[in-house]
Amino acid sequence: MTTFLQNCFAGLALGSTYALVALGFVVIYKSTGVINFAQGGLLALGAYLGYTFSTNLAIAFGVAILLACASAALVGAGFERIVLRRMVGQPPFAVIMITIGLLFVLEPLITAIWGFDNLQVTNPWNIRTVEAGGIVFGVRDLWTIGLTAAVVVAFFLFFRYTSLGLAMRATAFDPEAALAQGISARRVYAVSWAIASALAALAGITMAAGPGGLTPSIGFIALAAFPAMILGGLDSPAGAVLGGIVIGLAEALTRGYQDQLFSWAGDNVSIIVPYLLMIVILLIRPYGLLGTKDVRRI
C-alpha cells in the first residue's frame, strides 16, 4: 500500500504539470479553435527565463517565477498581435502551421542563447523531502501541486467572475454574437495567448527546478500533456485538469509497477501508456471525458 500511495503522489505531481500545459492548450483552442503546437516551445522559453532570473540574476525564486510567466505572456500576446492577427479569417490549418513554425523558431533560439548543457535552476527546495506515514514527499512536488491548485482556482474564478473572463467565455461560445455585443475578439485572442504562455512557463519552471535540471528537451513535456487535453475534452478547461491528473497517475503507476506487471513490454512502456489510454477513452467518448458533444441538425 505504501508503494501504491508513493506512486500516486508522484503521479499527482506529474499530472499537475500536465494539467497546466493542457489548460494552456484548451484556453487557446476554446477561444480561437486552433491547437497551439508551439506550447512546448513556450514552456521551454519560460523555463529558461526562470533560470535566467533566479540563477543568473540572483532574483528571489518566487519573483523569478512571476517575471518568467509575465515575460512568456508578453511573448505569446506579442506573437498573436504581430503574426496571428493577420491570419484572421484564414483556414485553421494555416494558423496551426504558423504555430508549428513558432515552435521551430523558439527551439534553435533557446539553444543559441542558453546552449545544450544541463543547467541547475536555483530554487528554495532543491532535493529536500519530508516523510509522513512511510511516504516520502518531495518538497518540489508539494509546491508543484500547491501552485497548480492555486492557479486552477484563480483561473476558474477569473473566468467566472470577471468581465474579461465573461468576454472570453462569450467569444468561445458564439464569436459573432459576442462581437455584436461590443466584445473585442482581438483582445480576447491576445489574452488567451498570454494566459496559455504564462501557464506553459509555470509548468516549465516547476519541472526545471527538479533534480533532473534544465535542458532544451524540456519542451517535449507538451507532447506528454497532449493526450491529457484530448482525453479531458478539447473545449473543457476542467477536462484539461482532470485529463492531466489521470495521465500523470497512469504514467507514474505504470513506471512504478514496471518490473512486476509490464516487464514483458520493455523499459519505456510508461511513455506510451498515456496515448493508449487516450485511444481507449476516445473510442468510448469521442469528445473526451468532459468535452462538449457535437450535435448536428439534419
Query raised in the report: In nm, to one decimal, how far is the ARG285 label point from the ARG160 one, both placed 7 Å along Cα→Cβ?
Result: 2.0
Requested in this report: Of all alpha-carbon pairs in segment 134-215, indicate the percentage at a distance above 16 angstrom.
Outcome: 62
Requested in this report: Compute the signed sum of charges (Lys and Arg +1, Asp and Glu -1) over the other residues within less than 15 Å, Cβ to Cβ, of GLU251.
Outcome: -1
Query raised in the report: Angle between the Cα long axis of helix 139-161 and the longest principal axis of the chain, 0 to 90 degrees, nearest 10?
Result: 20
Query raised in the report: What is the ratio of the Cα radius of gyration of segment 1-219 to 2.2 N^0.38 Å, where N is its residue count, to two decimals?
Result: 1.08
Report summary line: segment 164-204 and segment 82-115 have their Cα centres apart by a whole-number Å value of 19
Query raised in the report: Once you charge only the Cβ atoms, +1 for Lys and Arg and -1 for Asp and Glu, what is the size of the charge dipole of segment 1-219 about its Cα centre, to the nearest 20 debye?
Result: 480
Query raised in the report: Taking the mean number of other Cβ atoms within 10 Å as a proxy for protection, how do you rank 273-282, 46-55 from highest to lowest?
Result: 46-55, 273-282
Requested in this report: Determine, for each peptide in 133-146, 26-39, 150-163, the mean count of other beta carbons within 10 angstrom over its residues, then list the peptides with the highest first.
Outcome: 26-39, 133-146, 150-163
Requested in this report: Per DSSP H run of n ≥ 4, the term is -39500 (n - 2.57); total these for the chain, divide by its residue number, and report the mean residue ellipticity at 222 nm rounded to 500 deg cm²/dmol.
Outcome: -23000 deg cm²/dmol
Query raised in the report: Percent of alpha carbon pairs in segment 1-124 separated by more than 23 Å?
Result: 43
Query raised in the report: Remind me, relative contact order of segment 1-219 in percent, using alpha carbon pairs under 8 angstrom and six or more residues apart?
Result: 42
Requested in this report: Quote the charge dipole size of segment 93-222 about the Cα centre in Debye, to the nearest 20; the model charges only the Cβ of Lys and Arg (+1) and of Asp and Glu (-1).
Outcome: 300
Report task. Report, to the nearest 10°, how far helix 163-173 tilts away from the longest principal axis of the Cα atoms in the chain, using its own Cα long axis and a range of 0 to 90°. Result -> 80
Report summary line: Computed from the beta carbon distance with a Förster radius of 22 Å, FRET efficiency for ALA60 and VAL139 to the nearest 0.05 stands at 0.85
Query raised in the report: Order of 118-126, 176-184 by packing, highest average Cβ count within 10 Å first?
Result: 118-126, 176-184
Query raised in the report: Using the Cβ atoms and a cut-off under 15 Å, what net charge is assigned to the surroundings of SER192, where Lys and Arg are +1 and Asp and Glu are -1?
Result: +4
Query raised in the report: For segment 200-210, in order, what is each residue's ³J(HN,Hα) by Karplus, 6.51 cos²θ - 1.76 cosθ + 1.60 with θ = phi - 60°, in whole Hz (x at glycine and Pro)?
Result: 4, 4, 4, 4, x, 5, 5, 6, 5, 7, x
Requested in this report: Would you pull out the residues with amide H under 5 Å of ILE59's amide H, same chain only if 5 or more places away, H placed 1.01 Å from N?
Outcome: SER54
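Readers should treat all values here as calculations from the given coordinates under stated rules, not as data from a laboratory. This structure is a prediction, so every number in the text was calculated from the model and none was measured. Positions of Cβ are generated from backbone atoms using ideal geometry, with glycine treated the same way; all protein chains shown enter the neighbour counts.
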